[in-house]
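Let me begin by presenting the structure, written as C-alpha cells, before commenting on it.
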Amino acid sequence: MGIWHRRSSSSGKSPPSALAIFVEQIVERPGQRAACHLKVAEYQDFRAALSARLPGHGDPDSGLVELLAGRLVGVCPTCQMRLSAEYLEWLFAASLGLPAQRSKKAARFARGQCVNERCSSTDILLHWEPL
Ligand SMILES: [Zn+2]
C-alpha cells in the first residue's frame with residue numbers, strides 16, 4: 001500500500017531510483033566515491049543507463065569499459081567476492097552469448113545470481129572508487 005500511496009501523491013513523477021542517482025553521481029562527480037546496491041540482474045540496466053549519458057551514446061559500448069576500468073568494483077554483499085569492472089563486462093558480454101557457450105560463472109550471472117557457486121545471493125554492491 002505504501003508504494004501506491006507515494007506514487008499517487010507525487011504529481012505523476014516517480015522519484016529517481018537508486019540506480020539513476022548512482023549513474024548521475026558517476027557522470028556529474030566522477031572524482032567522488034559512490035555506491036549502489038543492485039540486483040545482479042540490474043547490472044545491464046546500470047550499464048545501459050550509464051552509456052546513455054556518455055558522449056556518442058549511439059554506440060552502446062563507446063568508451064564504457066575504459067570509463068569503468070579500475071574505478072568500478074562489484075562486491076557481493078553475502079560472500080564478499082569482488083568483481084572488477086573488466087570482469088563484470090566480460091560476464092555481461094558472455095551472458096549475451098548462446099547459453100551453451102557460457103561458462104558456469106557467466107550462466108549464473110545471466111540468471112541474476114552471484115558467480116560464486118556456494119553463494120545464493122542475487123544482489124551486488126557497485127562501488128565507484130575513483131583513483
Ligand atoms: Zn556471493
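The numbers here are math on the coordinates, done by the rules we state, and not lab data. In this text, all values refer to a predicted model and were calculated from it rather than measured experimentally. Counting neighbours? That spans all protein chains shown, and the Cβs are built from the backbone with ideal geometry, glycine included.
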Test of understanding: among 77, 130, which residue is within 16 Å of the ligand (Cβ to nearest atom) and touching a residue at least 40 places away in the same chain (Cβ under 8 Å)?
77
When the residues of region 84-111 are narrowed to those that are out of contact with any strand residue (DSSP E or B) (no Cβ under 8 Å at 6 or more places or on another chain), not in a helix (DSSP H, G or I) and not charged (D, E, K, R), which ends up nearest to residue 67 (Cα to Cα)?
97
Would you be able to tell me the number of residues in region 86-120 that are farther than 14 Å from residue 44 by Cβ, surrounded by 16 or more Cβ atoms within 10 Å (Cβ to Cβ) and more than 16 Å from the ligand (Cβ to nearest atom)?
1
